[in-house]
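Data block below; observations after.
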Amino acid sequence: MKKLKLLFLPLLAVSLCSCGPEDIPEGGNIDDLIPAEFDFSNFSRQAVFEGLDALQHNSGYSITFKLTHYDDLNAEPTFVSDVTIGGKGGYNWAYETTNGETYGAAVNIESTNYTAYILKDGVWSIEDGGEYTVDDCVEYIDEKVDEVVIREEYLSKVDFSSSKQSTTVCSRSCYVFVYDQDYYLTIALDKVLGIMMSFSVTYVDTVESKIYRDRVEVQSFSVSNIELPAFPSK
């Protein structure tokens with residue numbers, strides 16, 4: 001059995017902010033909840049996950065993004081996937097539409113009890129130990145959340161202390177970082193959370209004369225009035 005590794009746990013005693021329940025903004029404004037700019041001089045993936053954890057257990061969040069992969073940049077995309085990830089309270093969810101098919105998974109954690117949900121044919125249902133396990137659902141959610149967090153392999157390529165350009169994605173202010181040596185990488189990172197709001201990496205295969213490319217483009221980012229998907233009652 002795969003080890004359970006949900007990124008966001010209600011028992012996780014970490015947060016980017018040292019506020020109590022009385023300090024949480026009712027409107028769910030992330031800049032009030034986590035007012036300090038992300039510490040880019042000590043960038044870590046864990047710090048990004050902790051920021052999302054703080055959001056989940058306070059205002060909640062929902063992020064929609066598009067994944068595009070090209071096996072050959074001179075041809076049509078190999079695949080395009082529209083993904084939504086979110087969290088609120090004890091719930092985490094992720095779902096996507098790829099090649100015209102929509103599917104997803106969710107997990108609710110109450111104390112030490114885990115409830116898994118599967119999205120199929122547009123309907124959420126409780127997964128009661130049939131085709132998928134709780135671990136399968138957790139793994140799927142983790143993989144989708146990981147798409148908006150810079151990968152370990154790129155951390156050593158980016159000089160986060162370098163002069164930064166700025167841009168705006170989904171009304172979020174971002175820093176832009178570029179790496180252009182053995183491949184070309186450009187990333188726009190949210191100034192508060194460190195999330196990848198846009199990402200593009202391009203590789204050139206001189207043997208096959210092909211250009212490979214992966215892109216991530218955040219299309220919506222909400223931290224207020226978050227509604228749970230239509231999960232069935234237990």
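The values are calculated or read from the model by the stated rules, or taken from the named source; none is laboratory data. Note that this is a predicted model, so its numbers are computed, not measured. FYI the Cβ positions are ideal-geometry reconstructions off the backbone, even for glycines, and counts take in every protein chain you see. Surface accessibility is based on the protein's heavy atoms, side chains included, excluding ligands, DNA and RNA. Shrake-Rupley method; radii C 1.70, N 1.55, O 1.52, S 1.80 Å.
Can you find, within the stretch 179-234, the residue that is least open to solvent (accessible area, probe 1.4 Å) among those that are closer than 24 Å to Y95 by Cα and among the acidic types (D, E)?
Applying the filter and picking the extreme gives D190.
Residue by residue, here is whether (1) crowded, with 16+ Cβ neighbours inside 10 Å; (2) of a type outside the set (G, A, S); (3) at pLDDT below 90; (4) more than 15 Å from E147 (Cα to Cα) holds:
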residue	(1), (2), (3), (4)
E22	no, yes, yes, yes
G28	yes, no, yes, yes
E37	no, yes, yes, yes
V48	yes, yes, no, no
L55	yes, yes, no, yes
G60	yes, no, no, yes
T78	no, yes, yes, yes
I85	yes, yes, no, no
G90	yes, no, no, yes
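Across the stretch 110-137, what is the number of residues that are in contact with a Phe, Trp or Tyr (Cβ under 8 Å, 6 or more places away or on another chain) and closer than 29 Å to N58 by Cβ?
Summing the residues that are in contact with a Phe, Trp or Tyr (Cβ under 8 Å, 6 or more places away or on another chain) and closer than 29 Å to N58 by Cβ in the stretch 110-137 gives 10.
Output the strands (runs of 3 or more DSSP E) that fall wholly within the stretch 99-197 and possess 2 or more residues being among the small types (G, A, S), or say none.
Qualifying strands (runs of 3 or more DSSP E): 101-110.
Rundown of residues vs (1) open to solvent by 40 Å² or more (accessible area, probe 1.4 Å); (2) modelled with pLDDT of 90 or more, yes/no style:
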position	(1), (2)
T115	no, yes
L119	no, yes
G122	yes, no
E127	no, no
K144	no, yes
S156	yes, no
T168	yes, yes
R172	no, yes
